[in-house]
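First comes the structure, then the notes that go with it.
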Amino acid sequence: MSINTPAMLPRLCIVSSGTDPDGSGMQIRRQLRLLRPSLPCLLQIREKHLDAAALFRLSLAVKEEAASRNALILLNERADIAMAAALDGVHLRESSCPAGKVRSFIGRMLTGKSVHSLESAVKAAESGVDYLMFGPVFDTPSKRQYGAPQGSDALGAICRTVSVPVFAIGGITPENAPLCLAEGAYGVAAISLFTDTVTLPELLETFEKLLAS
Amino acid sequence: MIPSAPFLCYVTDESPSPVDSVRKVLEGGASMIQLRHKSASGEQLYLWAKEMQDLCRMHNAVFIVNDRVDIALAADADGVHLGQEDLPAREARKLLGPKKIMGISASTLEEALRAEMDGADYVGLGHIFETSSKEKHSRPLGPEAIAAVRAAAGIPIVAIGGINRLNAARTIASGASGIAVIAAISRAPEPERAARELVSILQHQQ
């Protein structure tokens with residue numbers, strides 16, 4: 001299946017840990033500073049515990065830090081805040097406002113969506129999103145609330161069915177990422193894997209090689 | 001345009017099916033509905049907003065969404081209501097354009113004046129009386145706060161917090177253009193009748 005990829009869509013996605021204590025974005029900014037100029041990244045701000053005012057302030061702080069980095073910044077769920085902060089886009093949950101409706105006012109900002117089944121992947125792809133994020137592919141503590149891991153076969157079935165780029169998420173490691181790519185994933189995404197900023201530089205180097213091949 | 005004064009605004013509670021009570025209070029004569037639901041998903045909010053906007057159009061009532069400018073835009077609601085912890089009013093105004101209604105919560109005169117400066121169409125002032133609907137740690141402002149804001153600000157005041165049949169008339173007499181209620185309706189045995197009674201009290205104040 002041919003993939004309609006928006007120009008310059010990165011193939012690695014870092015999702016924020018959801019534990020930013022005060023909305024200052026210290027952890028996210030630390031991650032941004034470790035990004036490699038040669039490895040474009042999507043960075044999704046996903047801090048569900050913050051109210052809209054705090055998310056707006058956080059978005060501005062992250063955007064400022066990202067200005068000179070090779071990263072596109074997306075905000076989870078809130079298209080309005082993403083627009084107000086002039087971020088690069090919004091990442092919708094499976095249970096978010098329908099993507100087609102968000103498209104009607106978000107204009108050309110990047111719009112991605114999480115999906116947890118083939119059925120919702122097909123539906124989301126038809127609604128005009130730029131990419132899908134499917135998971136959990138493998139077992140991971142942060143995604144257990146979304147059910148048992150779905151496996152790389154399910155990922156492959158989705159990648160072969162839809163014509164938008166699909167990111168694999170859930171228990172992704174440098175060891176299993178090649179399997180996801182072999183199943184047709186456009187890229188990979190993770191939360192906890194990238195939280196530790198001590199190991200992050202080496203991981204990014206590894207992923208750059210994996211994604212280039 | 002917000003409804004002509006004096007009017008009743010119903011703010012939904014965390015009920016799993018807020019559309020039912022909205023339908024009833026519209027029958028009872030409420031002229032403004034605010035969808036406020038903090039635990040619902042974006043998709044659910046959108047679906048409720050669509051339904052409530054349709055119901056409000058049928059009843060010539062105004063429909064606004066609390067906090068979520070994105071949902072208001074997606075459902076083409078008449079406007080939004082923002083608290084002090086929501087998206088800043090100026091940013092919201094840019095997204096909404098000049099025509100959509102924007103209400104801002106205020107609990108001080110300073111907040112009310114800033115709301116006016118930032119482009120609010122009305123200020124939701126409260127809490128006026130003791131209320132059980134939301135966790136409030138501060139003291140009620142009392143109806144005299146309405147008069148003080150009315151004297152200083154040029155935008156309509158919608159009073160909120162502990163307003164019921166007993167104090168609604170006094171609230172309007174103090175200078176509020178409208179009253180916003182949650183519990184006085186949602187916890188009433190018959191929401192439609194509770195709305196009708198409040199509307200009748202407001203109309204006798206004219």
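The values are calculated or read from the model by the stated rules, or taken from the named source; none is laboratory data. In this text, all values refer to a predicted model and were calculated from it rather than measured experimentally. Ideal geometry is used to build each Cβ from the backbone, glycine not excepted, and the neighbour counts take in all protein chains shown.
Please note which strands (runs of 3 or more DSSP E) are completely contained in the stretch B:63-165 and include at least 3 residues that are surrounded by 16 or more Cβ atoms within 10 Å (Cβ to Cβ) and away from every other protein chain (no Cβ under 14 Å). Break it down stepwise before answering.
Details: elements: B:79-82, B:101-106, B:122-125, B:157-160.
Filter on the stretch B:63-165 gives B:101-106, B:122-125, B:157-160.
Return the residues of the stretch B:52-62 that are away from chain A (no Cβ under 14 Å) and in a helix (DSSP H, G or I); say none if nothing qualifies.
B:Met52, B:Asp54, B:Leu55, B:Cys56, B:Arg57, B:Met58
Please note which strands (runs of 3 or more DSSP E) are completely contained in the stretch A:59-164 and include at least 2 residues that are surrounded by fewer than 18 Cβ atoms within 10 Å (Cβ to Cβ) and of a type in the set (A, V, I, L, M).
Values: elements: A:71-76, A:89-92, A:110-115, A:131-134.
In the stretch A:59-164, there are no strands (runs of 3 or more DSSP E) which contain 2 or more residues that are surrounded by fewer than 18 Cβ atoms within 10 Å (Cβ to Cβ) and of a type in the set (A, V, I, L, M).
Taking the conditions exactly as written (crowded, with 19+ Cβ neighbours inside 10 Å, modelled with pLDDT of 90 or more, part of a helix (DSSP H, G or I) and within 14 Å of the chain's Cα centre (by Cα)), does A:Ile28 satisfy them or not? Spell out how you get there, then give the answer.
Values: crowded, with 19+ Cβ neighbours inside 10 Å: yes; modelled with pLDDT of 90 or more: yes; part of a helix (DSSP H, G or I): yes; within 14 Å of the chain's Cα centre (by Cα): yes.
Against the criterion (crowded, with 19+ Cβ neighbours inside 10 Å, modelled with pLDDT of 90 or more, part of a helix (DSSP H, G or I) and within 14 Å of the chain's Cα centre (by Cα)), A:Ile28 qualifies.
Mind listing just one residue for me: the one in the stretch A:38-54 that is outside any loop (DSSP other than H, G, I, E, B) and not β-branched (Val, Ile, Thr) and, of those, farthest from B:Gln84 (Cα to Cα)?
Checking each candidate, the answer is A:Cys41.
How many residues does the stretch A:69-90 contain that are facing chain B (nearest Cβ under 10 Å) and within 11 Å of the chain's Cα centre (by Cα)?
1
Quick one: would you say B:Lys38 is of a type in the set (D, E, K, R), more than 9 Å from every other protein chain (Cβ to nearest Cβ), surrounded by fewer than 19 Cβ atoms within 10 Å (Cβ to Cβ) and within 21 Å of A:Glu77 (Cβ to Cβ)? If you could, list the steps in order and put the result at the bottom.
Values: of a type in the set (D, E, K, R): yes; more than 9 Å from every other protein chain (Cβ to nearest Cβ): yes; surrounded by fewer than 19 Cβ atoms within 10 Å (Cβ to Cβ): yes; within 21 Å of A:Glu77 (Cβ to Cβ): yes.
Spelling it out, B:Lys38 is indeed of a type in the set (D, E, K, R), more than 9 Å from every other protein chain (Cβ to nearest Cβ), surrounded by fewer than 19 Cβ atoms within 10 Å (Cβ to Cβ) and within 21 Å of A:Glu77 (Cβ to Cβ).
Which of the following residues is touching a residue at least 40 places away in the same chain (Cβ under 8 Å) and in a loop (DSSP other than H, G, I, E, B): A:Gly18, A:Gly23? Break it down into steps so the answer makes sense when it comes.
Numbers: A:Gly23 fails: touching a residue at least 40 places away in the same chain (Cβ under 8 Å).
When all the criteria are applied, what remains is A:Gly18.
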